[in-house]
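A short write-up of the structure that comes next.
The values are calculated or read from the model by the stated rules, or taken from the named source; none is laboratory data. This is a predicted model, so every value here is computed, not measured. Using ideal geometry, Cβ is built from the backbone for each residue, glycine included, and neighbour counts are taken over all protein chains shown. Side chains included, ligands, DNA and RNA excluded: accessible areas come from the protein's heavy atoms. Shrake-Rupley method; radii C 1.70, N 1.55, O 1.52, S 1.80 Å.
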Amino acid sequence: MLREEDKIPFTAHLEELRSRLIKSFIAVGAGFLLCYGFKEKLFEILVYPLIQVMPEGGKLIFTGIPEAFFTYLKVSFLSGIILASPMLLYQFWMFVAPGLYQKERKVLAPIIGISSFFFIGGALFGYFVVFPSGFKFLLGFGTDYIRTLPSMREYLDFATKLLFIFGLLFELPVVLTGLAWLGIVSADYLKRNRKYAVLLAFVVAAFLTPDVVSMILMAIPLIILYEVSIFSAQLLARRKAARAAVAEKPD
């Protein structure tokens with residue numbers, strides 16, 4: 001932490017924040033321009049799980065004149081943010097780190113990395129596991145008289161929302177471990193409520209997925225992540241107990 005004589009004025013903090021934001025915007029802008037050059041390929045990657053299960057000759061459409069253009073812009077912008085995320089995290093860290101104690105720095109840095117890992121893992125799980133089975137089920141409602149004609153905009157909105165939700169759901173171990181670190185929950189509390197967590201996992205999965213297979217594929221990882229949270233809470237409790245024992249040990 002900064003000493004009293006090392007503290008800088010509030011205006012200096014605002015100036016630094018402005019500088020960090022400008023650098024972040026430049027990074028996102030550069031990522032957007034780079035990704036726009038590959039906009040068709042990026043959209044093709046995003047739509048791949050749907051194309052794989054569509055009937056032969058199936059295609060996406062756009063119903064408005066500017067729809068394809070704005071869809072490609074949105075894909076490029078989202079991809080640009082992902083591409084610039086290391087710079088964004090770096091700018092965030094450089095802004096907050098000077099105001100933290102050494103102990104807080106040691107905690108916050110791993111949290112940022114672990115949170116990013118679980119979020120990306122959740123999005124990838126939704127893309128590779130849930131999307132194929134879910135889209136196959138939904139497209140099964142087409143008949144000889146009902147033809148599936150998904151639009152670019154609708155698919156992009158639907159897919160990005162689901163990927164974001166999957167990413168957030170996979171933050172479960174980070175959230176529960178954080179609550180355990182704060183003393184709000186404990187490993188024993190999580191164990192006692194395991195059956196409710198399993199029920200809630202299936203309820204959430206049933207709400208987010210369209211069929212039984214996708215529901216099971218979504219619920220099982222959530223249950224596993226809950227068990228990971230219990231293990232993390234136990235490990236944290238042991239470390240706290242060990243530190244307390246060392247602190248109480250007479251010289």
Sum -39500 (n - 2.57) across every DSSP H segment of at least 4 residues in the chain, then divide by the residue count to get the 222 nm mean residue ellipticity, nearest 500. -26000 deg cm²/dmol
Per residue solvent-accessible surface (Å²) - the chain, probe of 1.4 Å: 66 Å²
When the accessible area of segment 1-115 is split by element with a 1.4 Å probe, what percent falls to carbon and sulfur? 71 percent
Keeping all protein chains in the complex and leaving out DNA, RNA and ligands, what accessible area do you get for GLU154 with a 1.4 Å probe, in Å² to the nearest 10? 110 Å²
Cβ charges +1 (Lys, Arg) and -1 (Asp, Glu), total dipole of segment 155-251, debye: 380 debye
Can you give me the pair-distance distribution of segment 130-251, C-alpha pairs, 10 Å bins, whole percents? 12, 31, 24, 16, 10, 5, 2, 1, 0
So which helices of the chain fit the span-like rule, where a helix is a whole DSSP H run, its Cα atoms reach 18 Å or more along the axis, and its mean Kyte-Doolittle is at least 0.0? 10-36, 39-53, 67-96, 102-125, 152-169, 194-208, 212-248
If each of LYS59 and LEU21 carries a label point 7 Å out from its Cα toward its Cβ, how far apart are those two points in nm? 4.5 nm
Pick from GLN102, GLN91, GLN52: which is most flexible by mean-square fluctuation in a GNM of the chain where alpha carbon atoms under 10 Å apart are linked? GLN102
Please compute the modelled spin-label separation between LEU199 and LEU33, points set 7 Å along Cα→Cβ, answer in nm with one decimal. 5.6 nm
In square nanometres, what is one fourth of the surface area of the convex hull spanned by the alpha carbons of segment 45-191? 12.5 nm²
Compactness summary of the chain: radius of gyration and Dmax from Cα atoms, Å, are 23.2, 84
Highest average packing first - 107-116, 175-184, Cβ atoms within 10 Å: 175-184, 107-116
